[in-house]
1. About its Cα centre, how strong a charge dipole does the stretch 4-149 have in debye, to the nearest 20, once Lys and Arg get +1 and Asp and Glu get -1 at the Cβ?
2. I'd like the FRET efficiency for ARG73 and ALA38, computed as 1/(1 + (r/R0)^6) with the beta carbon distance as r and R0 of 22 Å, rounded to 0.05.
3. Find how much the distance from ASP83 to ASP48 grows on full extension, using 0.36 nm per residue of separation minus their present alpha carbon separation; answer in nm with one decimal.
4. Using the Karplus equation 6.51 cos²θ - 1.76 cosθ + 1.60 (θ = phi - 60°), what ³J(HN,Hα) coupling, rounded to whole Hz, does each residue of the stretch 114-121 give in order, writing x for Gly and Pro?
5. Which of THR50, CYS144, PHE96 sits farthest toward the positive end of the charge dipole of the chain, with +1 on the Cβ of Lys and Arg and -1 on the Cβ of Asp and Glu?
6. Of CYS116, ILE27, SER69, whose Cα points farthest to the positive end of the dipole of the stretch 23-154 (charges on the beta-carbon: +1 Lys, Arg; -1 Asp, Glu; origin at the Cα centre)?
7. How big is the C-alpha Rg of the chain next to the rule-of-thumb value 2.2 N^0.38 Å, as a ratio?
8. Short version: what are the Cα gyration tensor semi-axes of the stretch 78-117, square root of 5 times each eigenvalue, largest first, in whole Å?
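No lab work stands behind these numbers, since they all come straight from the coordinates. What you see is a predicted model, and the numbers here were worked out from it, not measured in a lab. All Cβ positions, even for glycine, are placed from backbone atoms using ideal geometry, and neighbour counts span all protein chains on display.
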Amino acid sequence: MALGNLDIARTWDNSKNQTVVSDWMEISQKQIDAFAEATGDHQWIHKDTTRSAASPFGGPIAHGLLILSCALRLTRESGVLTDKTWVICGYDKLRFRSPVRPGKRIRCRARVLDTCSVGTRSMSTIRLEIEIQGEKIPALIADCSLLCLPESGN
């Protein structure tokens, strides 16, 4: 399927209604600390091991938005997105379901829900589910709207 100067056949034909799974990725305390530095979110549940040990989480947890930011990387690595420039337009039905502790491994289950043309661009909606290794409840579930830009960047 060609949309203008875009070839999104791999995204549409191979992935619609098919779940693609990424490799596992470990979330480290170093990543959590770097995210806290970048965002200014130094809340104790992310960094204070003593105080967070007494919390319902039993220790530090990753920022939900850190996990969300890893989702697109994992989606791209899974192969569900073609090797083009994708711009996040928004998220629907975003739910943080379970905390991710440092040292845990996550992966993304991604499925193309819809793709349509927007002039010379394409818009895709992809269901993202971030699993935590060894856990039954996923870290997050979201429908992500992505705009695929033409090669020229127009």
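1. Approximately 260 debye in magnitude.
2. 0.90
3. Extending this stretch completely gives an extra 8.7 nm.
4. Couplings: 6, 9, 9, 8, 9, x, 8, 10 Hz.
5. THR50
6. Positive-end residue among those listed: ILE27.
7. With N residues counted in the chain, Rg over 2.2 N^0.38 Å equals 1.15.
8. Equivalent-ellipsoid dimensions as semi-axes: 25, 15, 10 Å.
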